[in-house]
Amino acid sequence: QVHLVESGGELVTIRNSLKLSCAASGRTLDFAAVGWFRQAPGKEREFVASINWGGTAIHYAEDVKGRFTIFRENAKNTVLLLMTSLKPEDTALYSCAASRSDLPSTMEDDYDYWGQGTQVTVSS
């Protein structure tokens, strides 16, 4: 059992940057592969980015490639998402998820633990 807490979400204006954090506690062996997902009101949850424990396998959703960067600081049991060139379309509740395996899947059903999410709002 691993407990995940996201932080860093806030209200920003278009073209700004923001860094989100996902901090794990408890059974950190379950904090292997980690993914970020987001959900906007009235829309289904969608994949954003994922990373394996060693940082050697990384995936991004097509609409965030070149703008978002996922990385991790394992000594701090933390995975981060650096977001740049933010657009109003990026507005959503961002959640991190952890898998007991080290496969950085793009599918939410492959993850075992979820945080409560942090809200990102981008205004024009």
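The values are calculated or read from the model by the stated rules, or taken from the named source; none is laboratory data. Since the structure is predicted, the reported quantities are computational estimates derived from the model, not experimental observations. Methodologically, a virtual Cβ is constructed for each residue, glycine included, from the backbone with ideal geometry; neighbour enumeration extends over all protein chains shown. Side chains included, ligands, DNA and RNA excluded: accessible areas come from the protein's heavy atoms. Shrake-Rupley method; radii C 1.70, N 1.55, O 1.52, S 1.80 Å.
If only the Cβ of Lys and Arg carry +1 and only the Cβ of Asp and Glu carry -1, the dipole of the stretch 16-124 around its Cα centre is close to 380 debye.
Taking the charge dipole of the chain about its Cα centre, with +1 at Lys and Arg Cβ atoms and -1 at Asp and Glu Cβ atoms, the residue from ASN16, TRP53, LEU81 reaching farthest to the positive side is ASN16.
When a 1.4 Å probe is rolled over the protein heavy atoms, the share of accessible surface on the chain that falls to carbon and sulfur comes to 50 percent.
Here's the list of lysines a cross-link from LYS43 could span, going by alpha-carbon distance under 19 Å and ignoring same-chain residues fewer than 8 apart: LYS87. The mean accessible area for residues of the chain, using a 1.4 Å probe and ignoring ligands and nucleic acids, is 52 Å² per residue. Shown here are the Rg and Dmax of the Cα trace of the chain, at 13.3, 41 Å. The distance linking the stretch 52-124 with the stretch 1-49 is 5 Å (Cα centroid to Cα centroid, whole angstrom). Heavy-atom accessible surface of LYS65, to the nearest 10 Å², is about 110 Å², with a 1.4 Å probe and all protein chains retained. Normalised by the number of residues in the chain, the average gap of Cα pairs under 8 Å and 6 or more apart makes the relative contact order 37 percent.
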